[in-house]
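Taking it in order: structure first as structure tokens, then the write-up.
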Amino acid sequence: MLPEIHKVLGLLEGGFADIKVLVVGDLMLDRYILGDVDRISPEAPVPVLRHVQRYETPGGAANVAMNLAGLGCQTLLAGFWGNDAEQKELAGFLEKAKIDTTGVVSTSLPTISKTRIVGRQQQLLRLDIESREKPSEADCGHLMEAAEQLAGKVHAVVLSDYAKGALSTELCERVIRAARRAGVPVLADPKSPDFSKYSGSTTVCPNLGELAVATGVAVHETEALLAAGEALRTEHDLRFLTVTMSEKGIRVLSEAGGYHSPTRAREVYDVSGAGDTVIATLAAGLAAGLKMETAVELANLAAGIVVGKMGTVPIAGHELVAALTPASGISSGEKILDRERMATRVAEWRAAGQTIVFTNGCFDLLHVGHVTLLEDCHKFGSKLVLGLNTDASVSRLKGPTRPIVGERERSRVMAALAAVDAVVLFDEDTPRELIREIMPDVLVKGGDYSVETVVGHEDVIAAGGRVEIVPTVEGFSTTSIVQKLQSAEETA
């Protein structure tokens with residue numbers, strides 16, 4: 001299980017909103033043209049692509065920013081773009097994601113764009129639009145000033161270097177100094193073989209190929225390469241070096257020793273942008289105060305999700321929540337939520353394509369009838385939410401001697417059941433308001449009910465959901481258990 005999972009889920013379900021991260025680097029627009037190939041051109045020995053779909057997405061440093069925004073962080077971006085159609089498209093994506101672009105400097109050069117031509121899931125050609133000229137000295141000065149000022153106002157800084165001209169050695173040095181003065185972690189994604197450019201950063205995040213170029217050690221000599229990486233870490237005053245190793249996971253090199261996060265088994269569809277996801281998630285975790293090991297594990301999990309998608313696609317917080325909350329992989333305490341977090345958790349599950357099931361009850365003295373009911377409920381969907389009456393609510397419904405088991409203990413017991421994915425308390429006599437807040441896809445009730453007599457059925461059906469009635473197990477009830485106990489006491 002992921003370390004610090006309670007804190008991680010809290011961050012993913014709203015806590016990252018308090019975290020500010022600055023991304024400085026090379027902004028790009030990634031364009032994809034998809035189609036089918038079924039013949040060769042008669043004009044030249046090249047495939048003919050029959051166009052099916054075209055779409056654009058932020059790339060480079062802009063993709064790092066999109067990943068951070070997807071996690072819920074307040075994201076600031078600094079870099080260069082031109083004054084052209086690509087800039088307008090890119091700016092539109094960033095504005096929609098609520099990314100602050102006040103640190104982006106407009107230049108006379110074109111906005112960098114990469115157009116990938118893809119036929120039958122195979123990339124056939126990539127067309128890059130960029131200038132070989134460097135930005136003017138004045139533009140570089142404006143970017144340097146903006147990035148340096150912003151570095152002291154955030155919780156983390158990411159240097160996203162694609163070797164396109166935004167990250168000069170002087171800019172990196174000034175931003176790293178400013179961040180260190182403010183006690184802010186700096187993470188660098190390197191394209192330069194000279195790591196001195198990133199000296200003083202908290203971590204540099206090369207892949208094996210980039211580390212091989214920087215050290216002169218062959219990629220296939222893994223142990224020698226990692227040893228050279230440790231020497232590089234020491235030489236350039238890095239707190240740790242984060243090496244992404246493709247199917248081998250992530251290896252962290254530090255003075256305290258190594259830490260390895262293995263890859264989660266997952267089908268790989270496209271590795272584009274995976275490095276951006278790793279550094280963005282790692283930056284968010286460190287900025288929020290997660291332990292290094294936790295932040296690395298979370299970054300590895302996020303990368304495993306995005307490589308299963310086509311193209312440059314950022315991570316979304318709800319995808320991580322869904323991955324972290326399978327019925328068998330989360331502690332019972334993490335399933336007990338207040339109503340605000342419940343609404344967030346349900347929205348994240350729904351966004352991940354999960355079917356939400358809801359049932360409710362007092363569940364005082366758990367018995368086999370309860371367990372059977374909940375197992376039956378779970379069969380109707382992906383996630384079962386249990387609405388549990390508070391002690392005050394139970395007393396009003398059952399009398400002053402009830403409940404026998406308090407709400408905290410009942411919540412913990414119910415959350416420990418594999419069939420239950422979340423538990424939420426409600427103080428009202430009926431769960432009507434809670435049902436309206438959750439709006440489940442399936443509302444389930446056990447016992448001698450008809451659809452029309454189930455509380456909340458009108459709201460669920462009106463929203464396109466359905467109501468299911470499941471039979472109860474005969475001969476089992478909390479009342480009968482209490483009566484047996486009382487009878488035993490009287491005869492004792």
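A few points about this structure:
- Each Cα pair under 8 Å and six or more residues apart adds its sequence gap; the mean of these over the residue count of the chain is a relative contact order of 12 percent.
- Cβ-derived FRET efficiency at R0 41 Å, ASP18 paired with ALA416, nearest 0.05: 0.85
- For LYS398, the lysines whose Cα comes closer than 25 Å to its Cα, not counting residues fewer than 8 places off in the same chain, are LYS445, LYS484.
- A simple count of charges around LYS164, restricted to other residues whose Cβ falls under 12 Å of its Cβ and scoring Lys, Arg +1 and Asp, Glu -1, yields -1.
- For the chain, calculated [θ]222 nm from helices alone, where every DSSP H run of n ≥ 4 adds -39500 (n - 2.57): -11500 deg cm²/dmol
- Here the chain is treated with +1 on each Lys and Arg Cβ and -1 on each Asp and Glu Cβ, and its dipole about the Cα centre works out to around 200 debye.
- Over the chain, accessible surface divided per residue gives 45 Å², non-protein components excluded, 1.4 Å probe.
- Take the Cβ atoms of ALA462 and GLU340, set R0 to 25 Å, and the FRET efficiency comes out at 0.55.
- When each of the peptides 172-180, 117-125 is scored by the mean number of other C-beta atoms lying within 10 Å of its residues, the order from highest to lowest reads 172-180, 117-125.
- Neighbourhood net charge (13 Å Cβ-Cβ; Lys/Arg +1, Asp/Glu -1) for VAL23: -4
- In this structure, the pairs whose alpha-carbon distance is over 20 Å, taken from LYS7/LYS379; LYS309/LYS379; LYS7/LYS335; LYS98/LYS153, are LYS7/LYS379; LYS309/LYS379.
- Less than 5 angstrom separates the built amide H of ASP26 from those of ALA61, SER160, TYR162, all sequence-distant by 5 or more or on a different chain.
- Estimated FRET transfer efficiency (GLU247, ASN83; beta-carbon r; R0 51 Å; 0.05): 0.75
- Cut-off under 5 Å, modelled amide H: who pairs with VAL470 long-range: LYS445, GLY446, GLY447
- From the coordinates shown, mean projected area of the Cα convex hull in nm² corresponds to which of (1) 27.2; (2) 30.4; (3) 34.8: (2)
- Neighbours of ARG239, meaning other residues whose beta-carbon lies under 14 angstrom from its beta-carbon, give a summed charge of -2 when Lys and Arg score +1 and Asp and Glu score -1.
- For the cross-link pairs LYS96/LYS191; LYS164/LYS197; LYS191/LYS291, the ones whose C-alpha atoms lie over 25 Å apart are LYS96/LYS191; LYS191/LYS291.
The values are calculated or read from the model by the stated rules, or taken from the named source; none is laboratory data. No experiment lies behind these values; they were computed from the predicted model shown. All Cβ positions, glycine included, derive from the backbone under ideal geometry; neighbour counts span all protein chains shown. Keep in mind that these areas ignore ligands, DNA and RNA; they rest on the heavy atoms of the full protein, side chains included. Shrake-Rupley method; radii C 1.70, N 1.55, O 1.52, S 1.80 Å.
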